[in-house]
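The values are calculated or read from the model by the stated rules, or taken from the named source; none is laboratory data. Remember, predicted model here, so these are calculated numbers, not experimental data. When we count neighbours, we look across all protein chains shown, and the Cβ atoms used for this are built from the backbone with ideal geometry, even at glycine. These accessible areas exclude ligands, DNA and RNA; they are computed on the full protein's heavy atoms, side chains included. Shrake-Rupley method; radii C 1.70, N 1.55, O 1.52, S 1.80 Å.
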Amino acid sequence: MADIIHHPAHYTWRGRECVDHLRDWLGHAGYLAYLEGNVQKYLYRWQKKNGIEDLDKAIEYIELMKKEANE
């Protein structure tokens, strides 16, 4: 079963995580902005769309932000 929060199959189908591609393409500052935007998106919509799943996704993007900030 695919992990919809951490490694959804539709984001890895080309053999590489989409976020890894975006990090290379956007650079450090752009990637951090992308991650922050996703956190805001999931926090904004969680009560009207996917509930706890969206909160888990926001947490996942925060974890990615923490990792990127430490590099």
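Calculate what fraction, in whole %, of the accessible area of the stretch 16-71 sits on carbon and sulfur atoms when a 1.4 Å probe is rolled over the protein chains. Spell out each step's value before the answer.
Values: 2140 of 3870 Å².
It is 55 percent, rounded to a whole number.
Can you tell me which aspartates and glutamates have their Cα less than 18 Å from the Cα of LYS48? Leave out same-chain residues fewer than eight positions away.
Once the sequence-local aspartates and glutamates are set aside, what remains near LYS48 is ASP56.
Set the Förster radius R0 to 30 Å, insert the Cβ-Cβ distance between GLU53 and TRP25 as r into 1/(1 + (r/R0)^6), and round the FRET efficiency to 0.05.
Details: r = 27 Å, r/R0 = 0.89.
It comes to 0.65.
Does the chain come out rounded, prolate or oblate by the C-alpha gyration tensor, with a ≥ b ≥ c the root eigenvalues, rounded set by a/c under 1.5 and, if not, prolate when a/b is larger than b/c and oblate if not?
Working: a/c = 2.05, a/b = 1.21, b/c = 1.69.
Since a/c reaches 1.5 but b/c is at least a/b, the shape of the chain is classed as oblate.
Taking only protein heavy atoms into account and a 1.4 Å probe, give the accessible area per residue of the chain in Å². If you can, show how the numbers build up before the last one.
Details: 5290 Å² over 71 residues.
Value for the chain: 74 Å² per residue.
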